[in-house]
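**Student:** After the structure tokens below, expect a handful of questions from me.
Rule-based calculations on the coordinates, nothing more; no lab input. Since this is a predicted model, take the numbers as computed values, not measurements. In this analysis, Cβ positions are derived from the backbone assuming ideal geometry, glycine residues included, and neighbour counts consider all displayed protein chains.
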Amino acid sequence: AKRLHRGRAIAFTEDLGLAARERIRLLTDLRSAFHAERLHLAFQPLVDLATGSVVGAEALLRWTTEEGDVIPPDRFIPVAEHSGLMIALGEWVLRTACDQLKRIIELGHTGFRMAVNVSQAQFREPDFISILERVLHEHEIDPKRIELELTESIAIGQIASTAAKIAEIRRMGVSVALDDFGTGYSSLSVLKQLGVDRIKIDRAFVQELGHSSDNGIADLVVALGRQMDLGTIAEGVETEEQRRYLMERGCKDGQGYLFGRPMSSDAFEAWMADRL
Ligand code: C2E
Ligand code: CA
Ligand code: CA
Ligand code: CA
């Protein structure tokens, strides 16, 4: 039994070694992709659920390898996050999203808002707010046109300092949404303390609508938004039934394949030009 146990321990160590090697490989590849400009942003429309008009877009990071494969952000962002690369990458995302925002505004969509994801490492950087200010200033962008999407995990163990930072961002005029709401650990009191503008209902809860007798969480989040006077946006809206249900409950905005998939910069501009 003892030998067996030791054998398992060794196999376990080897697995860890393999996983670590894969992470290092991924990180090396990501770093060269970043410098070779093989990263780009896709833009997915945010739509008013009642009228169908476009209110903005979310910028989503994409990595296309030399072979033409697209590596999804869920695979490489956590690796970047643990290496410090995410700080530079996040600033690049913000700048690139602002470039696109500028072009959309120049098309004539003056009320458009651009939603940008911000990772925990990026948000916790002491320079984060000054970088944000500088990028907006350089692009001559009205802060009201930008929304930052933060996940609940950003606040773990640091609610007070997170809330203070969010307040400072909002004083600049930039709005803040709590992303993937309902998937994390956070409680009502955390939501209240953080003081965000909007909550984003995670795709998982939207996809349950119509498939299960229990529409519980999506309903709750929409009701909560109303109660707290926060904007609500549902992600992953794929069907007309989901759209109607959410709209009738009072959810304001939505995002999902029903309205539009994430598009390349050029495709998104053409899509927006059709909607003037
Ligand atoms: P997220 O912020 O929850 O983004 C929404 C995800 O849902 C996107 O996946 C989007 O393509 C997908 N989606 C939208 N509508 C639908 C739909 O109707 N059906 C289905 N099945 N999926 C839909 P994506 O682009 O793979 O991004 C995954 C995650 O990676 C994002 O989740 C976000 O957490 C992260 N991410 C993406 N870009 C960035 C970035 O620039 N910075 C940071 N920190 N994270 C990012
Ligand atoms: Ca997001
Ligand atoms: Ca989300
Ligand atoms: Ca999500």
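**Student:** Sort all Cα-Cα distances of the range 190-275 into consecutive 10 angstrom bins from zero, then give the percent of pairs in each bin up to the one containing the longest distance.
**Tutor:** Taking all Cα pairs of the range 190-275, the binned fractions are 17, 43, 28, 12, 0 percent.
**Student:** If you don't mind, there's one more thing I want to ask. Given the -39500 (n - 2.57) contribution per DSSP H run of 4+ residues, what per-residue ellipticity at 222 nm results for the chain, rounded to the nearest 500 deg cm²/dmol?
**Tutor:** It lands at -16000 deg cm²/dmol.
**Student:** Write down the Å³ per residue value for the convex hull defined by the alpha carbon atoms of the range 7-155. Display every interim value, and only then the final one.
**Tutor:** Numbers: hull volume 24.4 nm³, N = 149.
Cα-based convex hull of the range 7-155, divided per residue, equals 164 Å³.
**Student:** Give me the percent relative contact order of the range 116-271, please, defined on Cα pairs under 8 angstrom at least 6 residues apart.
**Tutor:** Averaging sequence separation for qualifying contacts and normalising by length gives 16 percent for the range 116-271.
**Student:** In addition: Under 10 Å, Cα contacts only: if you run a Gaussian network model on the chain, which one of LEU46, LEU30, LEU94 comes out with the highest mean-square fluctuation?
**Tutor:** Maximum among the listed residues: LEU30.
**Student:** Expected output is a single nm value to one decimal: the length gained when fully extending between ARG38 and GLU106, i.e. 0.36 nm times separation in residues minus the C-alpha distance. What is it?
**Tutor:** 21.8 nm
**Student:** A further question follows. If you keep only loop residues by DSSP, which GluC sites (Glu not before Pro) in the range 85-147 have at most 16 other Cβ atoms within 10 Å of their Cβ?
**Tutor:** Of the GluC sites (Glu not before Pro), the ones in loops of the range 85-147 whose Cβ has at most 16 other Cβ atoms within 10 Å are GLU140.
**Student:** Report, to the nearest 10°, how far helix 159-172 tilts away from the longest principal axis of the Cα atoms in the chain, using its own Cα long axis and a range of 0 to 90°.
**Tutor:** 40 degrees
**Student:** Among the chymotrypsin sites (Phe, Trp or Tyr not before Pro) within the range 25-107, which fall in a DSSP loop and have no more than 12 other Cβ atoms within 10 Å of their own Cβ?
**Tutor:** none
**Student:** Right, something else. Which value, in debye to the nearest 20, describes the size of the charge dipole of the chain about its Cα centre when Lys and Arg Cβ atoms bear +1, Asp and Glu Cβ atoms bear -1, and nothing else is charged? Write down the numbers at each step before the final one.
**Tutor:** Details: 33 positive and 42 negative charges, 173 e Å.
Taking the Cα centre of the chain as origin, the dipole is about 840 debye.
**Student:** List the aspartates and glutamates whose Cα lies under 15 Å from the Cα of LYS165, skipping any in the same chain that are fewer than 8 positions away.
**Tutor:** Filter leaves GLU125, ASP127, GLU133, GLU147, GLU149, GLU152, ASP197.
**Student:** Moving on. What is the magnitude of the charge dipole of the range 45-198 about its Cα centre, with +1 placed on the Cβ of each Lys and Arg, -1 on the Cβ of each Asp and Glu, and no other charges, expressed in debye to the nearest 20?
**Tutor:** Details: 15 positive and 23 negative charges, 105 e Å.
Charge dipole of the range 45-198: 500 debye, to the nearest 20.
**Student:** Can you find, among THR28, ILE233, ALA59, the residue farthest towards the positive end of the dipole of the chain? Put +1 on the C-beta of Lys and Arg, -1 on that of Asp and Glu.
**Tutor:** Positive-end residue among those listed: THR28.
**Student:** Quick one, what does Rg over Rh come out to for the range 100-239 if you take C-alpha atoms and the Kirkwood Rh?
**Tutor:** 0.99
**Student:** Could you work out the percent of alpha carbon pairs in the chain separated by over 23 Å, rounded to a whole number?
**Tutor:** Of all Cα-Cα pairs in the chain, 58 percent lie more than 23 Å apart.
**Student:** Measure of size requested: the Rg and Dmax of the range 79-179, with Cα atoms as the atom set and Å as the unit; please supply both.
**Tutor:** 13.4, 43
**Student:** Would you list which lysines come within 17 Å of LYS200, measuring only between C-alpha atoms, while excluding same-chain residues fewer than 8 positions from it?
**Tutor:** Straight-line reach from LYS200, under 17 Å: LYS192, LYS252.
**Student:** Also, I was wondering about something else. If you place +1 on the Cβ of every Lys and Arg and -1 on the Cβ of every Asp and Glu, how big does the dipole about the Cα centre of the range 150-233 come out, in debye to the nearest 20? List each step's numbers first, then the result.
**Tutor:** On the way: 8 positive and 10 negative charges, 73 e Å.
For this selection, approximately 340 debye.
**Student:** Separation between the HIS82 and ARG244 pseudo-spin-labels, each 7 Å from Cα along Cα→Cβ, expressed in nm?
**Tutor:** Computed distance between label sites HIS82 and ARG244 equals 4.6 nm.
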